[in-house]
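Scroll down for the structure; my scribbles are underneath it.
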Amino acid sequence: MKNKNISKIIASFLENRATAEDIKKLTKWAKRNPTSYKDYVEVHYLLTRDMDNGKTETFKKELLSKLENHTKPKKKHKITWFKYAAIFVGVLTCATYLFLQTSDIDKSVNNDVTITFNNGVKEILNEKNSSVISNSDKYIAKQEGTKITYNKQDIDKNDSAEPLVYNTVNVPYGKKFQVVLSDGTEVFLNSGSTFTYPTAFYSTGERKVELIGEAYFSVKSDSLRPFMVKSKMLKTKVLGTQFNFSSYPDDEIAHVVLVEGRIAVKKVGDPISSFVFLEPNQKASYSNSKKDLIIENVDVNKYISWKEGVLFFKNEDFFHITKKLERHYSVKIEIKEDSLKTEKFTGRFKTESIEEVLEGFQRIKKFEYTLKDKKIILTQKSK
């Protein structure tokens, strides 16, 4: 591996940006080049440690010198104060090297879309992947960027040798992903969602999937095989239609919004309840506190704009707005005053940063905020 490539991987690793593939490459290289790895870590530490101390250019030159060597780097003279950092660097080097030797794919990256196979094996789905192979080495789907498409196939329900095989896609905050199921159904997954589904459905009977979070479904029509979406609170039954399903664990209310076609919705865990049918532009919502399924007419744009990367709030309280901002921008937001949580806002944002969104709301309601380490604290502005 060329030095210029390994330098980028080491920098990404030390800054918690390395991919699973990067970790694999770095593990192999570090085992073969432990001394070089130590030198790289030392120089990286010097650069980040002394950015504002006037020594940056000196350290950059040292780093470039190391990158140009394809053999074991020679030891160079370090400035006097470095001896005080030696212990720290030694600990950092040992800790990171030990991590490389003992870590697995799951622990290396915390902010990637992942897929978990039927046997529990987990794999990272990044935009560089061109295909996904099952744990049995059988080609089952192809990935292109943020979309994975499964092979079109059915399973004979009477064939006991061919049981359903399930995959689970987990989408972290700040990311979105699309899954095209084996029947052609398109599923757009919003940030912070977990979607479990079979790699192929039975040729007869219901097509069942489970969702934690939010997704937009465009279901492939099949009158003989109803499509079932189940969450902790709601179950939806459709034949072929388009709808948005939202059921986050930290949301009090779960809801289904129908865009096209016709669907039936019912409460989960209530054997005596029956399905309620929705018409386009209607929403069915259920809360754990009220225990009732409520049907109402709505503007569907408010509920499906996220699919196009748009945040659309219409007379919505600030508490629930911040929940959506947390998922969209992968940040943690804390509101200090209860009065601010109930303030109503309307707004539409697409390419704005989190700071620009908050500044937009500040024009309507005076409040202050601090942003540090991806955590935002909101307080009522003092008079």
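The values are calculated or read from the model by the stated rules, or taken from the named source; none is laboratory data. What you are looking at is a predicted structure, and each value in this text was computed from that prediction instead of being measured. Cβ placement follows ideal geometry from the backbone for every residue including glycine, while neighbour counts extend to all protein chains displayed. Keep in mind that these areas ignore ligands, DNA and RNA; they rest on the heavy atoms of the full protein, side chains included. Shrake-Rupley method; radii C 1.70, N 1.55, O 1.52, S 1.80 Å.
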Quick count over segment 264-275, residues being of a type outside the set (A, V, I, L, M) and not in a loop (DSSP other than H, G, I, E, B), is 2
Out of (1) charged (D, E, K, R); (2) in contact (Cβ under 8 Å) with a residue 24 or more places away in the chain; (3) out of contact with any Lys or Arg (no Cβ under 7 Å at 6 or more places or on another chain), the odd one out for E326 is which? (3)
Which of the residues spanning segment 209-241 are more than 21 Å from I253 (Cβ to Cβ), more than 23 Å from the chain's Cα centre (by Cα) and not hydrophobic (A, V, I, L, M, F, W, C)? K220, S221, D222, S223, R225, P226, G240, T241
Which of the residues that make up segment 167-208 are loosely packed, with under 15 Cβ neighbours inside 10 Å and within 18 Å of F117 (Cα to Cα)? none
Search result, residues across segment 361-370 that are surrounded by fewer than 18 Cβ atoms within 10 Å (Cβ to Cβ) and at pLDDT 90 or above: E368, T370
Out of segment 220-229, which residues are open to solvent by 10 Å² or more (accessible area, probe 1.4 Å) and within 14 Å of V256 (Cα to Cα)? M228
Scope segment 125-157; condition touching a Ser or Thr at 6+ places or on another chain (Cβ under 9 Å), among the polar types (S, T, N, Q) and modelled with pLDDT under 85; matching residues: N126, S134
Residue ID - most open to solvent (accessible area, probe 1.4 Å), chosen from residues in segment 322-353 that are within 18 Å of K176 (Cα to Cα) and among the aliphatic types (A, V, I, L, M): V331
Of (1) open to solvent by less than 10 Å² (accessible area, probe 1.4 Å); (2) on the phi > 0 side of the Ramachandran plot, L278 satisfies all except one. Which? (2)
